[in-house]
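Structure, as structure tokens:
The values are calculated or read from the model by the stated rules, or taken from the named source; none is laboratory data. It should be emphasised that the depicted structure is a prediction, and the values quoted were computed from it without experimental measurement. Using ideal geometry, Cβ is built from the backbone for each residue, glycine included, and neighbour counts are taken over all protein chains shown.
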Amino acid sequence: TQSITEIARVRNINRIRMGRHEVDTWYFSPYPQEFTACDTVHLCEFCLSPFDSEFQLVRHSKRCRLQHPPGNEIYRHEDISFFEIDGRRQRTYCRNLCLLSKLFLDHKTLYYDVDPFLFYVMCQTDAHGAHIIGYFSKEKDSAENYNLACILTLPQHQRKGYGRILIAFSYELSKVEGKLGSPEKPLSDLGLLSYRAYWTEAIVERLIRFRGDVTVEEIANATAITPQDVMHTLQSIDALKYYKGQHIICLSNKVVEAYRRAEQKKRRCIHPELLDWKPPV
Ligand code: ACO
Ligand code: ZN
């Protein structure tokens with residue numbers, strides 16, 4: 001027998017349409033009741049407002065003035081931009097973003113209270129405007145020193161390296177703040193896979209560049225990854241050895257080769273010098 005809350009959390013929206021993309025949803029999201037009856041929810045690509053028919057969306061689009069997320073552009077490289085949006089100043093937009101992301105996030109409680117968060121939205125720009133690819137949220141003041149609360153790459157853009165640059169961006173912000181950071185727990189399976197891949201790459205890069213003696217603290221300070229996450233990553237790639245009475249960090253050929261192979265792929269990366277940002281006071 002299912003409890004009322006479980007029944008209420010069954011996937012309630014089948015499909016969404018955003019621009020030219022139509023995607024099936026993964027999980028329950030508390031969209032207003034009226035949307036659960038329609039087969040496809042149509043979202044305005046720019047303000048993320050939901051509509052129950054294409055007709056309503058087209059009518060809206062004639063009036064919607066947004067061509068990018070309603071915040072400051074704090075980074076641009078080629079066609080990729082990041083916008084910083086304050087949950088308190090742009091409540092409607094940020095609530096729409098949370099409703100959308102909840103469709104693909106199971107384990108997180110959805111925050112109706114968006115005020116304590118900043119949202120970093122990554123977009124790809126073309127002649128029509130800046131189209132959202134993914135985002136992450138960040139508590140303005142995290143007691144646990146989390147540098148990221150929720151992360152999402154929209155399903156139509158997944159597995160193209162965008163999650164990796166969202167994560168990299170969150171660590172670049174931490175570097176500017178002079179802090180070490182870690183994502184909010186628990187991580188989803190996909191979140192864990194992506195973080196493990198990012199951590200491994202960032203740490204191995206550091207080790208290959210430094211050689212010689214390097215401590216976990218030094219790696220942490222250079223990457224803004226917490227010492228705990230550095231340790232776990234080193235353990236997971238079997239790089240912590242006990243040698244002549246001492247713990248040493250030692251990369252296997254397999255790990256180095258995997259890193260070199262990844263390096264060969266021309267992947268997008270974040271250029272820290274293009275970040276135009278000061279920590280909000
Ligand atoms: N299967 C296996 N490995 C994967 C997968 C997958 N489906 N997705 C990511 N990875 C690993 C791979 O190592 C990948 O590198 P590769 O493609 O070179 O092999 C690496 O992670 C990075 O992949 P990206 O393409 O950069 O990541 P993507 O843009 O797909 O975004 C994300 C990853 C954000 C986790 C995405 O899967 C997503 O939005 N999922 C739904 C929401 C979610 O679970 N968010 C995390 C919740 S935890 C939190 O918010 C703190
Ligand atoms: Zn709109």
Taking helices (runs of 4 or more DSSP H) that fall entirely within the stretch 188-253, which contain at least 1 residues that are in contact with a Pro (Cβ under 8 Å, 6 or more places away or on another chain)?
189-210, 216-223
Any hit, the stretch 206-217, residues being modelled with pLDDT of 95 or more, small (Gly, Ala, Ser) and either more than 30 Å from Gln124 (Cβ to Cβ) or within 14 Å of ligand 1 (Cβ to nearest atom) (or both):
no
Answer from Asp106, Asp126, Asp86 - the residue that is modelled with pLDDT under 95, surrounded by fewer than 21 Cβ atoms within 10 Å (Cβ to Cβ) and outside the structural domain of Phe35 (by TED's automatic domain parsing)
Asp106
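Does the stretch 147-165 include one or more residues that are aliphatic (A, V, I, L, M), near ligand 1 (Cβ under 9 Å from one of its atoms) and under 21 Å from Lys266 (Cα atoms)?
yes
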So which residues in the stretch 233-251 are touching a residue at least 12 places away in the same chain (Cβ under 8 Å) and either of a type in the set (Phe, Trp, Tyr) or exposed (fewer than 14 other Cβ atoms within 10 Å of the Cβ) (or both)?
Ser236, Asp238
Considering only the stretch 53-103, how many residues are within 16 Å of ligand 2 (Cβ to nearest atom) and either under 25 Å from Ile13 (Cα atoms) or assigned to a loop (DSSP other than H, G, I, E, B) (or both)?
27
Within the stretch 43-52, can you find the residues that are assigned to a strand (DSSP E or B) and either within 16 Å of ligand 1 (Cβ to nearest atom) or touching a residue at least 40 places away in the same chain (Cβ under 8 Å) (or both)?
Leu43, Pro50
Which residues, counting only those in the stretch 18-42, are part of a loop (DSSP other than H, G, I, E, B) and over 19 Å from Arg91 (Cβ atoms)?
Gly19, Arg20, Thr25, Trp26, Tyr27, Phe28, Thr36, Ala37, Cys38, Asp39
Assuming Lys160 fulfils every condition listed in (1) surrounded by 20 or more Cβ atoms within 10 Å (Cβ to Cβ); (2) not in a helix (DSSP H, G or I) apart from one, which condition is it?
(1)
Can you find a residue in the stretch 163-181 that is part of a strand (DSSP E or B), at negative phi and in contact (Cβ under 8 Å) with a residue 24 or more places away in the chain?
yes
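Of the residues Asp189, Asp213, which single one is within 27 Å of Leu99 (Cα to Cα) and surrounded by fewer than 18 Cβ atoms within 10 Å (Cβ to Cβ)? Full working, then the answer.
On the way: Asp213 fails: within 27 Å of Leu99 (Cα to Cα).
After applying the criteria, what remains is Asp189.
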Of everything in the stretch 122-157, what is acidic (Asp, Glu) and either in contact with an Asp or Glu (Cβ under 6 Å, 6 or more places away or on another chain) or not in a loop (DSSP other than H, G, I, E, B) (or both)? Give them in sequence order.
Asp126, Glu139
Is there a residue in the stretch 94-101 that is crowded, with 16+ Cβ neighbours inside 10 Å and away from ligand 1 (no atom under 16 Å from the Cβ)?
yes
All-but-one check, Pro116 against (1) without any contact (Cβ under 8 Å) to a residue 12 or more places away in the chain; (2) away from ligand 1 (no atom under 12 Å from the Cβ), failing number (1)
